[in-house]
1. Can you confirm whether residue 70 is at positive phi, at pLDDT below 85 and surrounded by fewer than 19 Cβ atoms within 10 Å (Cβ to Cβ)?
2. If a residue has to be under 21 Å from residue 6 (Cβ atoms) and not hydroxyl-bearing (Ser, Thr, Tyr) to count, how many in the stretch 104-118 make the cut?
3. Within the stretch 32-49, is even one residue among the aliphatic types (A, V, I, L, M) and closer than 25 Å to residue 146 by Cα?
4. So residue 77 clears everything in (1) modelled with pLDDT under 90; (2) open to solvent by 50 Å² or more (accessible area, probe 1.4 Å) except one condition, right? Which one?
5. Which residues, counting only those in the stretch 6-26, are more than 7 Å from the ligand (Cβ to nearest atom), in a loop (DSSP other than H, G, I, E, B) and either under 22 Å from residue 114 (Cβ atoms) or modelled with pLDDT of 90 or more (or both)?
6. Residue 105: more than 12 Å from the ligand (Cβ to nearest atom) and either open to solvent by 30 Å² or more (accessible area, probe 1.4 Å) or touching a residue at least 24 places away in the same chain (Cβ under 8 Å) (or both), yes or no?
7. How about the stretch 125-176: which of its residues are free of Cβ contacts under 8 Å to residues at least 24 places away in the same chain and of a type in the set (Asp, Glu)?
8. Within the stretch 74-115, which residues are assigned to a helix (DSSP H, G or I), charged (D, E, K, R) and within 15 Å of the chain's Cα centre (by Cα)?
Amino acid sequence: MISSPSGAGKTTIAKKLTYNKKNIKLSVSLTTRKPRKGEIDGVDYRFVSIEFFKKKIKQKAFLEHAKVFGNFYGTLKENIDEKIKKGKSILLDIDWQGARQVRKKMANDTLSIFIVPPSLKELEKRLKKREGSVDFIKKRMSKAKQEIMHWHEYDYAVVNANLNDCLKKIKNILQIHNHIPQRQFISKY
Ligand code: 5GP
């Protein structure tokens, strides 16, 4: 699982870690938020209605779910089970609330990494590049501070000052875990 405040580079990292990899797959979450420009349904997220999401909660279909920035996000159990049965590892790009739920359910089968921005100033700069609205940036910065407070719940914290360095460090972490007998879940990374 990887988490970070929005704008710390987590989505790019998640995609780079799983691109063309046979043994580690990126989980596609369900969300009730509207697609952003360029996002594809079924690839970036499965974009669903609030009614549909709530129905899935009632059916206990989620491994974890949470409300983030007023929208629902969740990981379906069936997506995970299906990949585990095929011997794959799964990368979850989820927030701290979701990571906490997954850890509770399958502690020994998880590895969690928190990606930290080099500074709050740098995070704000990155967000400004991506999103225009001042109000939106203010909201995300306040949420970022809350999210960062949970970094110590993770197995590892990696600073993303430079994307390639950060990726290298994460790959090293994954490789190290292949040598721990009980935690070889990231097979042949
Ligand atoms: P965004 O809307 O910017 O893509 O994502 C907002 C936040 O929701 C990010 O922190 C992202 O990691 C988190 N998120 C995305 N999918 C899930 C999910 O399935 N479960 C949880 N708990 N958080 C998610």
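The values are calculated or read from the model by the stated rules, or taken from the named source; none is laboratory data. All figures in this text were calculated on a predicted structure; none of them were measured in a lab. No Cβ is skipped: glycine too gets one built from the backbone with ideal geometry, and neighbour counts run over all protein chains shown. All accessible areas refer to the heavy atoms of the entire protein, side chains included, with ligands and DNA or RNA removed. Shrake-Rupley method; radii C 1.70, N 1.55, O 1.52, S 1.80 Å.
1. Details: at positive phi: yes; at pLDDT below 85: no; surrounded by fewer than 19 Cβ atoms within 10 Å (Cβ to Cβ): yes.
The answer is no for residue 70.
2. Our first condition is that a residue be under 21 Å from residue 6 (Cβ atoms); within the stretch 104-118, this holds for 112-118.
Remaining after also requiring not hydroxyl-bearing (Ser, Thr, Tyr): 113-118.
Going through the stretch 104-118 one residue at a time, the tally reaches 6.
3. We begin by selecting, within the stretch 32-49, every residue among the aliphatic types (A, V, I, L, M); these are 40, 43, 48.
Next, from what is left, pick out any that are closer than 25 Å to residue 146 by Cα: none.
Taking every residue of the stretch 32-49 in turn, none turns out to be among the aliphatic types (A, V, I, L, M) and closer than 25 Å to residue 146 by Cα.
4. Condition not satisfied by residue 77: (1).
5. So the first thing to find is which residues in the stretch 6-26 are more than 7 Å from the ligand (Cβ to nearest atom), and the list is 7-9, 12-26.
Imposing the further condition that a residue be in a loop (DSSP other than H, G, I, E, B) reduces the set to 7-9, 19-23.
Within the stretch 6-26, 7, 8, 9, 19, 21 qualify.
6. Values: more than 12 Å from the ligand (Cβ to nearest atom): yes; either open to solvent by 30 Å² or more (accessible area, probe 1.4 Å) or touching a residue at least 24 places away in the same chain (Cβ under 8 Å) (or both): yes.
Yes; evaluated as a whole, the condition is true for this residue.
7. Here is the first cut: in the stretch 125-176, the residues free of Cβ contacts under 8 Å to residues at least 24 places away in the same chain are 125, 128-129, 131-138, 141-142, 146, 149, 152, 162, 164-165, 168-169, 172, 175-176.
Those that are free of Cβ contacts under 8 Å to residues at least 24 places away in the same chain and of a type in the set (Asp, Glu): 131, 135, 165.
8. 100, 103
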